[in-house]
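To start, the structure itself, in structure tokens.
What follows draws every value from the coordinates through simple rules; no lab data is involved. Here the structure is a predicted model, which is why all the values come from computation and not from measurement. Note that we place each Cβ from the backbone using ideal geometry, even for glycine, and neighbour counts take in every protein chain shown.
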Amino acid sequence: MYTIIKHLHLTIIVLTFVFFVINLVLTMKNSELVRNKFLKISPHILYTLFVLTFIYLSYINPLELYPFVNGWASSKLAGFVFYVLSITLALKWAKNNMWRVAGAISAVFWLVVTARLGFADHIKVKGISENVSTYLPLLGDTLRAIV
């Protein structure tokens, strides 16, 4: 069951990004399709499912990595929050395309950083290090990979 929910969680992440890109392009073109009910409601449903799968995976995880207890899980949660805030900047708060692009770049950055944390096995080990400086080399590697 854990593996199924984990794959559902990853699929939801991909779908949120796809809906973000579609909405961003439509918003930048000032298309009327942005007001389509399906395009407005779907991301909210996906975010809700994302949070539910996150809660399930946090509760059932085999490594006992819990948000606010383990730095790795807390960083993943914070990355998701910044990802959603960046999407909100790009789609809702931005008044011109320059800020929409800035929000999109920020969203991609937070998505990549958070995804990269998922593969940082040396950080996942409980108790190895709760120090923030552990994440700095990972962040540097991610920035170099993006640039």
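R0 = 25 Å: FRET efficiency of Leu8 with Arg35, Cβ-based, nearest 0.05? Each step should come with its number before you reach the end.
Details: r = 29 Å, r/R0 = 1.16.
With a Förster radius of 25 Å, E is 0.30.
How long is the gain from Ala115 to Leu15 if the chain were fully straight, where each residue apart is worth 0.36 nm and the alpha carbon distance is subtracted?
On the way: separation 100, 0.36 × 100 = 36.00 nm, distance 1.44 nm.
Residue separation times 0.36 nm, minus the Cα-Cα distance, leaves 34.6 nm.
Just subtract the alpha-carbon distance of Ala78 and Ile45 from 0.36 nm times their residue separation and send over the number in nm, one decimal.
Here the segment from Ala78 to Ile45 would lengthen by 9.9 nm.
Take the residue pairs Lys6/Lys40; Lys6/Lys95; Lys6/Lys29 and return only those whose Cα atoms are more than 29 Å apart.
Lys6/Lys95; Lys6/Lys29
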